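**Q** Take this structure, written in structure tokens, and hold onto it; I'll ask about it next.
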Amino acid sequence: MVETNLKEIEEECKKLWEKEKVYKFDSKSEREIYSIDTPPPTVSGKMHIGHACSYSQSDFIARYKRMKGYNLFYPFGTDNNGLPTERLVEKSLKIKSKEMPRTEFIKICNEFIQKELPNFVQDWKDIGISCDWDLKYSTIDDNSRKLSQWSFLDLHKKGRMYRKDAPAMWCPECRTGVAQVEVEDKEIDSFFNDIIFKIDGEEVKIATTRPELLPACVSLFYHPDDKRYKKYLGKKAKVPLFNFEVPVMEDKRVAMDKGTGIVMCCTFGDQTDMEWQKAYNLPIKLAITDDGKMSDISGKYQGMKIKDARKQIIEDMKKENLLVKQIPIKHFVNVHERCGTEIEFVKSKQWFVKYLDLKEDLLKWGNELKWFPDFMKHRYENWVKGLQWDWLISNQRYFGVPFPVWYCEDCGEVILAKEEQLPVDPIKDKPPVTKCPKCGSNKIIPETDVLNTWFTSSMTPQISTNLIKDEKIRKKLFPMSLRPQAHEIISFWLFNTLLKSRLHFGKNPWKDAVISGYVTMKGEKMAKSKGNVINPQDVLEKYGADAMRYWAASAKLGDDFDYQEKDLVTGKKLVTKLLNAAKFIFMNLEDYDGKKPKTLEPIDKLFLDKLNILVKNSTENFEKYEYSKVKNEVDSFFWNDFCNNYLEIVKKRVYKGEGNKKISAQYTLYNSLFTILKLFAPIVPFITEKIYQENYKNKEKIKSIHICEWPSAEKVKENKLNEWVLLLDLISKIRQEKSNSKKPMNSEIILTIPKNNFSDLKDFIEDLKDVSNAVEIKEGNFKVEFK
């Protein structure tokens, strides 16, 4: 089959699904609802291979549940607000938000998103995602902004929101505060620099990786048990190059075996510096500005970039013999996950969600959720246990959901929007009062920061269910049935959604969480910098959507897995084989009227029993979200049991058989292929739809295979299936003998099989004759004689 045919099949199916509204949620139906809280992908130009994989995996579940008879609520959202969108616009259009008026940049962002969105969404349609495309949202639309701002007001009312002028993690590149969840570790090459401080004229060595923070040094610390430095307690140390003095203090948080055992506290190099500053009420000196340059306390280094200042300070210390030695090291630093820039700590006013006091509750709530696979719960628990900061939700950017807040310019009083005003933009809209309720001033100014994008995305259960206007139906949709997502955003999306749902509504937002892995290339995570990124659009062009989904179904639930082109080749072969099998079968069903035979031939009943076991296993595995097991078992059955054996067994009967024998074969072929197509349908939806439309729709009268009823499994005595295994084993041996003797597979033989085999297979001897082309079958030691 040529590539153009694949494209034609996919286009036909997409048009059919859209025209017939196959995936539409029926708000008037009485059927049980199954609701999916899908991850809204960030609008980033094009779908990447990780998206194609994880969204396909979610869709396997959605399609299965729909065929099981559920009224599926499966909306589609896009995350197109906040920092990721700003960075995309800046990069694509080669502009900087801070270099133009705010209103102009927001207008550019909106226009850019409107232009990009249709093509971006089309990528998801092209891989067969079966969302209800009439139920769409974006995280910047009126509905999302209203709910995000409502969330802020509700949390503020509940005492969970506070604003603080304090050191916070800051990205100099994006020029915004960042939350702990937005920070990742990156290993870099650096140096331990042993530099000289002087205490009462004595030289004391301090090891530091950040000499550029010297102008912000406020004290030295050593461990109380470290006898080397006890004599310096309470004295003053002179800071090299800058020549001001700082106190020498002791604290148990100093590691005696790290560096020289005495450290400088600068405001702020890390979390410990912040703890020391607060504990000992030390002064705050800021050496680094919000754009990543040296501040006015840095003397001649003022205005230099951080790394340039570091280099120059080291050179100057060398000249003045203040640098004793440099030791090359590798160490981990915090970087902003959006841009990879090293994080600084900058004192600024930021809004926080208070949640550090909820750690025990968060662990309990996480334990109430059903995790698939179960071990992913440990990632959540490790994140909760490692929390050190409340959630910073302020972003000093332009494009995002505004805080529903104004301030009194004179006294700083916070003035909140009224609920009925939402969504509101304080920069453009009037505050709810004309005078400050605290001091009476009429100088009211707007908050200019925007809410962090995860603050809004963590409301997706409400954003999506709010698309349904009937309140009675909305109540049935929440808590939602399922949250499917990748493991790397457990700390971002899952954690924050769970937290907010509990704080707002007192319940978990979903019943089950299904966690997928990410795609690797030779064991490494894909990255443009490594040159190992695969473009899914190229894969679709070469192999087709079904082959890509087939590959995505190879991943074991929760596991990262390698991009394997051989799986795509195999997937494409499956598509061809399904078409060929259907063609062969329906060529031989032209005279079949669809009726059930008076009695099934023993081999047909045995085969249908074997198929019934497959249905049972597939159903059980799908209920546990084990789609890879379904794919593997159905795939193996189709190739081995069905194509390689059963079709060969009944070929003679459908060609030359008569009466009930032929009808039995035709009935079995028609129904077994239909069942196999249904089992494959969630994974390879295009080719199964194509075969259904061409061969089954007229008789079955249902407009799509994807709303046909999932096959039901009847009880089967599995020990009876030993006969099937024995029969296939004999057929395999006969084929091997013919192959070894270089004889064609249709060559006539006289077959001898052991007596116990003859007895076990007495009901299938004629079938064994047909498939092996044996003119006679005798009892005795296994032997194949050629005529």
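The values are calculated or read from the model by the stated rules, or taken from the named source; none is laboratory data. Computed from a predicted structure; not experimentally measured. Cβ atoms come from the backbone with ideal geometry, glycine included; neighbour counts cover every protein chain shown. The protein model used for the area step is the full one, side chains on, heavy atoms only, and it has no ligands, DNA or RNA in it. Shrake-Rupley method; radii C 1.70, N 1.55, O 1.52, S 1.80 Å.
**Q** Could you tell me whether SER190 is more than 18 Å from ILE288 (Cβ to Cβ) and either in contact (Cβ under 8 Å) with a residue 24 or more places away in the chain or part of a loop (DSSP other than H, G, I, E, B) (or both)? I'd like the intermediate steps shown before the answer.
**A** Numbers: more than 18 Å from ILE288 (Cβ to Cβ): no; either in contact (Cβ under 8 Å) with a residue 24 or more places away in the chain or part of a loop (DSSP other than H, G, I, E, B) (or both): yes.
Answer is no for this residue.
**Q** Which ones in the stretch 222-240 are open to solvent by 10 Å² or more (accessible area, probe 1.4 Å) and closer than 27 Å to MET169 by Cα?
**A** Passing the criteria: only HIS223.
**Q** If you don't mind, another one. Count, please, the residues in the stretch 413-436 that happen to be in contact with a helix residue (DSSP H, G or I) (Cβ under 8 Å, 6 or more places away or on another chain), of a type in the set (Asp, Glu) and surrounded by 15 or more Cβ atoms within 10 Å (Cβ to Cβ).
**A** Final tally of qualifying residues: 1.
**Q** Let me ask something else. How many residues, within the stretch 603-643, are out of contact with any Phe, Trp or Tyr (no Cβ under 8 Å at 6 or more places or on another chain) and open to solvent by 60 Å² or more (accessible area, probe 1.4 Å)?
**A** 9
**Q** Pairs under 7 Å by beta carbon, first residue touching a residue at least 40 places away in the same chain (Cβ under 8 Å) and within 24 Å of LYS690 (Cβ to Cβ) in the stretch 550-577, partner among the hydrophobic types (A, V, I, L, M, F, W, C) and open to solvent by 20 Å² or more (accessible area, probe 1.4 Å), six or more apart or different chains?
**A** Sorted first by the residue in the stretch 550-577, then by its partner, the pairs are SER554/PHE561; THR576/MET1.
**Q** For the stretch 1-98, which helices (runs of 4 or more DSSP H) that fit wholly inside it have 2 or more residues that are surrounded by fewer than 20 Cβ atoms within 10 Å (Cβ to Cβ) and among the acidic types (Asp, Glu)?
**A** 3-20
**Q** While we're on this one: For the list (1) within 24 Å of the chain's Cα centre (by Cα); (2) at positive phi; (3) modelled with pLDDT of 90 or more; (4) not charged (D, E, K, R), I need the number of the one condition that LEU72 fails.
**A** (2)
**Q** Another one. Name the pairs whose Cβ atoms lie under 6 Å apart, with the first residue in the stretch 652-680 and within 14 Å of TYR696 (Cα to Cα), the second of a type in the set (Lys, Arg) and surrounded by fewer than 19 Cβ atoms within 10 Å (Cβ to Cβ), and 6 or more positions between them or separate chains?
**A** If the second residue must be of a type in the set (Lys, Arg) and surrounded by fewer than 19 Cβ atoms within 10 Å (Cβ to Cβ), the pairs left are TYR667/LYS596.
**Q** Confirm whether ASN660 is closer than 22 Å to ASP604 by Cβ, at pLDDT 95 or above and surrounded by fewer than 21 Cβ atoms within 10 Å (Cβ to Cβ).
**A** Values: closer than 22 Å to ASP604 by Cβ: yes; at pLDDT 95 or above: no; surrounded by fewer than 21 Cβ atoms within 10 Å (Cβ to Cβ): yes.
Taking the combined requirement at face value, the residue does not satisfy it.
**Q** For the stretch 114-166, enumerate the residues that are polar (S, T, N, Q) and either closer than 30 Å to ILE284 by Cα or open to solvent by less than 40 Å² (accessible area, probe 1.4 Å) (or both). Full working, then the answer.
**A** Going through the stretch 114-166, the residues polar (S, T, N, Q) turn out to be 114, 119, 122, 130, 138-139, 143-144, 148-149, 151.
Listed by number, the residues that qualify are SER130, SER138, THR139, ASN143, SER144, SER148, GLN149, SER151.
**Q** Checking the structure you have, find out if any residue of the stretch 115-123 is at pLDDT below 90, assigned to a strand (DSSP E or B) and basic (Lys, Arg).
**A** No - not one qualifying residue is present in the stretch 115-123.
**Q** Let me ask something else about it. Please return the ranges of helices (runs of 4 or more DSSP H) entirely within the stretch 494-565 where 1 or more residues are at pLDDT 90 or above, surrounded by fewer than 22 Cβ atoms within 10 Å (Cβ to Cβ) and charged (D, E, K, R).
**A** On the way: elements: 495-505, 536-543, 545-552.
The qualifying helices (runs of 4 or more DSSP H) are 495-505, 536-543.
**Q** If THR460 passes every condition in (1) among the β-branched types (Val, Ile, Thr); (2) at pLDDT 95 or above; (3) open to solvent by 40 Å² or more (accessible area, probe 1.4 Å) but one, which one does it miss?
**A** (3)
**Q** Say we look at the stretch 686-722 and pick out the residues that are more than 17 Å from ALA582 (Cα to Cα) and charged (D, E, K, R); which of these is least open to solvent (accessible area, probe 1.4 Å)?
**A** Ranking the qualifying residues of the stretch 686-722, first place goes to LYS703.
**Q** Please tell me if PHE352 is open to solvent by less than 60 Å² (accessible area, probe 1.4 Å), hydrophobic (A, V, I, L, M, F, W, C) and either touching an Asp or Glu at 6+ places or on another chain (Cβ under 6 Å) or in a helix (DSSP H, G or I) (or both).
**A** Working: open to solvent by less than 60 Å² (accessible area, probe 1.4 Å): yes; hydrophobic (A, V, I, L, M, F, W, C): yes; either touching an Asp or Glu at 6+ places or on another chain (Cβ under 6 Å) or in a helix (DSSP H, G or I) (or both): yes.
In short, yes.
**Q** What do you reckon, is LYS330 over 29 Å from ARG145 (Cα atoms), open to solvent by 60 Å² or more (accessible area, probe 1.4 Å) and touching a residue at least 60 places away in the same chain (Cβ under 8 Å)? Give the derivation first.
**A** Working: over 29 Å from ARG145 (Cα atoms): yes; open to solvent by 60 Å² or more (accessible area, probe 1.4 Å): yes; touching a residue at least 60 places away in the same chain (Cβ under 8 Å): yes.
Spelling it out, LYS330 is indeed over 29 Å from ARG145 (Cα atoms), open to solvent by 60 Å² or more (accessible area, probe 1.4 Å) and touching a residue at least 60 places away in the same chain (Cβ under 8 Å).
**Q** Give all pairs with beta carbons closer than 9 Å in which a residue from the stretch 273-285 that is farther than 12 Å from ARG253 by Cβ meets a residue that is in a loop (DSSP other than H, G, I, E, B) and among the β-branched types (Val, Ile, Thr); count only pairs at least 6 apart in sequence or on separate chains.
**A** Pairs that qualify, where the first residue is farther than 12 Å from ARG253 by Cβ and the partner is in a loop (DSSP other than H, G, I, E, B) and among the β-branched types (Val, Ile, Thr), are GLN277/THR267; GLN277/ILE284; LEU282/THR267; PRO283/THR267; ILE284/THR267; LYS285/THR267.
**Q** List every residue pair whose Cβ atoms lie under 6 Å apart, where the two residues are 6 or more positions apart in sequence or sit on different chains, the first residue falls within the stretch 361-376 and is outside any helix (DSSP H, G or I), and the second residue, located anywhere, is loosely packed, with under 14 Cβ neighbours inside 10 Å.
**A** Sorted first by the residue in the stretch 361-376, then by its partner, the list stays empty.
**Q** Go through the stretch 287-314 and report how many residues are in contact (Cβ under 8 Å) with a residue 12 or more places away in the chain, loosely packed, with under 14 Cβ neighbours inside 10 Å and assigned to a loop (DSSP other than H, G, I, E, B).
**A** Matching residues across the stretch 287-314 total 1.
**Q** Exactly one of these conditions fails for LYS235: (1) in contact with a Phe, Trp or Tyr (Cβ under 8 Å, 6 or more places away or on another chain); (2) free of Cβ contacts under 8 Å to residues at least 60 places away in the same chain. Give me its number.
**A** Going through (1) in contact with a Phe, Trp or Tyr (Cβ under 8 Å, 6 or more places away or on another chain); (2) free of Cβ contacts under 8 Å to residues at least 60 places away in the same chain one by one, LYS235 breaks only (1).
**Q** Could you check the stretch 732-744 and list, in sequence order, the residues that are touching a residue at least 24 places away in the same chain (Cβ under 8 Å) and either open to solvent by 80 Å² or more (accessible area, probe 1.4 Å) or in contact with an Asp or Glu (Cβ under 7 Å, 6 or more places away or on another chain) (or both)?
**A** Correct list: LYS733, LYS743.
**Q** Do you know which residues across the stretch 256-272 are open to solvent by 10 Å² or more (accessible area, probe 1.4 Å), touching a strand residue (DSSP E or B) at 6+ places or on another chain (Cβ under 9 Å) and either in contact (Cβ under 8 Å) with a residue 60 or more places away in the chain or not hydrophobic (A, V, I, L, M, F, W, C) (or both)? Even if it seems obvious, please write down each step before you answer.
**A** Looking only at the stretch 256-272, we keep the residues that are open to solvent by 10 Å² or more (accessible area, probe 1.4 Å), and these are 256-260, 263-264, 269-272.
Pick out the ones that are also touching a strand residue (DSSP E or B) at 6+ places or on another chain (Cβ under 9 Å) and you get 256, 258-260, 263-264, 269-272.
LYS258, GLY259, THR260, MET264, GLY269, ASP270, GLN271, THR272 - these are the residues of the stretch 256-272 that are open to solvent by 10 Å² or more (accessible area, probe 1.4 Å), touching a strand residue (DSSP E or B) at 6+ places or on another chain (Cβ under 9 Å) and either in contact (Cβ under 8 Å) with a residue 60 or more places away in the chain or not hydrophobic (A, V, I, L, M, F, W, C) (or both).
**Q** When residues of the stretch 745-781 are filtered for being over 23 Å from TYR655 (Cβ atoms), open to solvent by 70 Å² or more (accessible area, probe 1.4 Å) and either touching a residue at least 12 places away in the same chain (Cβ under 8 Å) or touching a helix residue (DSSP H, G or I) at 6+ places or on another chain (Cβ under 7 Å) (or both), how many remain?
**A** 5
**Q** How many residues does the stretch 393-412 hold that are over 15 Å from ILE427 (Cα atoms) and crowded, with 23+ Cβ neighbours inside 10 Å?
**A** Taking the stretch 393-412 and keeping what is over 15 Å from ILE427 (Cα atoms), we get 393-395, 410-412.
Checking which are crowded, with 23+ Cβ neighbours inside 10 Å leaves us with 393-395.
Total satisfying the criteria: 3.
**Q** Of everything in the stretch 586-602, what is open to solvent by 20 Å² or more (accessible area, probe 1.4 Å), hydrophobic (A, V, I, L, M, F, W, C) and in contact with a helix residue (DSSP H, G or I) (Cβ under 6 Å, 6 or more places away or on another chain)? Give them in sequence order.
**A** Residues satisfying the conditions are PHE586, LEU600.
**Q** Does CYS174 satisfy the criteria of being in contact with a His (Cβ under 7 Å, 6 or more places away or on another chain) and part of a loop (DSSP other than H, G, I, E, B)?
**A** Numbers: in contact with a His (Cβ under 7 Å, 6 or more places away or on another chain): yes; part of a loop (DSSP other than H, G, I, E, B): yes.
So CYS174 fits the description; yes.
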